[in-house]
Amino acid sequence: MACEICGRNNCCRSFHSLEEQQRFDDIINPYKDHIQGEINYELKRLDRYYKEDIEDGELYVKLSDVESMVSDVL
């Protein structure tokens, strides 16, 4: 798996200075928060769509619907 900061295969986050790690986090965290919000919004829409399919207090959805939802967000 490649380093999330520089993308090199022979590197990992801990090889970078604390300043580099902080700069990366300052840039990427707002993006991650936005994507997480979008996915949660779409999941709530799935909940409304499948409301009648609740069994034993559990909500079951089609995996293909969740995959489609995630690909639409990304």
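The values are calculated or read from the model by the stated rules, or taken from the named source; none is laboratory data. Nothing here was measured: the structure is a model prediction, and the numbers come from that model. Glycine gets a Cβ as well: all are built from the backbone with ideal geometry, and neighbour counts include every protein chain shown.
Descriptive notes on the structure:
Yes/no matrix, rows are residues, columns are (1) of a type in the set (Asp, Glu); (2) under 27 Å from Cys3 (Cα atoms); (3) assigned to a helix (DSSP H, G or I); (4) at pLDDT below 85:
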position: Phe24; (1), (2), (3), (4): no, yes, yes, no
position: Gln36; (1), (2), (3), (4): no, yes, yes, no
position: Tyr41; (1), (2), (3), (4): no, no, yes, no
position: Asp47; (1), (2), (3), (4): yes, no, yes, yes
position: Val70; (1), (2), (3), (4): no, yes, yes, yes
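- Taking residues in region 1-30 that are touching a residue at least 40 places away in the same chain (Cβ under 8 Å), and partners anywhere that are in a helix (DSSP H, G or I), not one pair has Cβ atoms closer than 7 Å while being at least 6 places apart or on different chains.
- Count of region 1-21 residues which are surrounded by fewer than 11 Cβ atoms within 10 Å (Cβ to Cβ) and either in a helix (DSSP H, G or I) or touching a Phe, Trp or Tyr at 6+ places or on another chain (Cβ under 8 Å) (or both): 3
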